[in-house]
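The structure appears right after this line, and notes come after that.
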Amino acid sequence: HYSNDVISTMDQETSQIVDYLQNPETPGLWNRRGLVMGYVQSGKTSNYTGVISKAADAGYKVIIVIAGVNNNLRNQTQIRIEEEFIGRDTSNLLHSSKQKTLTGVGIIESTRFPGTFTSSQRDFNKATATGVGIPLQNMKEPAVLVIKKNASILKNLLEWLKFNNIPADAEKIIEPMLLIDDEADNASINTKYSKEKVTKINEQIRGLL
């Protein structure tokens, strides 16, 4: 339903953001961080689902989206990512015998699907992820998880990722990882910046808008 102009702009902006990411083929350990700002209802979710798709094409193996602090936001984000990246309805995630309904991009292209360890019905937990039946390190396609910003969820996810890192070469399989915090201004960790520095940065940003 997007116009050609919107699609063209979105293509350019997502490519620019991906260009700032680290090359996933870079050897050794590395860590790159960035911040993308957008107005309310300005298409932020569409933007980062485009970034996710291009990052997956570039070679990112594990994609984690932190989608707010409540279930409604997480569920909405999961459904959007199903439509715009996964291509399948995840409500039957744990029922391998049930047919997975195609949705969104899956209707257009149904030969490849990212793996997913969360569903539109449930946030991440180790039992659900293990119940999928495919170890993370054995996946040939990128894996995506949509989670709440919740201490117990994050702890369980970290433990599960460590558990999946059993083989000696697992680092090469479950990394590199792209982490997107959709609500970076809400319940994020404190920074080392003073209030004065934050105020100055905000003033500079307002001057650019």
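From the list A58, A67, the one residue that fits, being small (G, A, S) and either modelled with pLDDT of 95 or more or under 18 Å from E175 (Cα atoms) (or both), is A58.
With the structure loaded, tell me whether T128 is surrounded by 13 or more Cβ atoms within 10 Å (Cβ to Cβ) and at pLDDT below 90 or whether it fails that test. Yes, satisfied.
The values are calculated or read from the model by the stated rules, or taken from the named source; none is laboratory data. As the structure is a prediction and not an experimental result, all values here were calculated from the model. Counting neighbours? That spans all protein chains shown, and the Cβs are built from the backbone with ideal geometry, glycine included.
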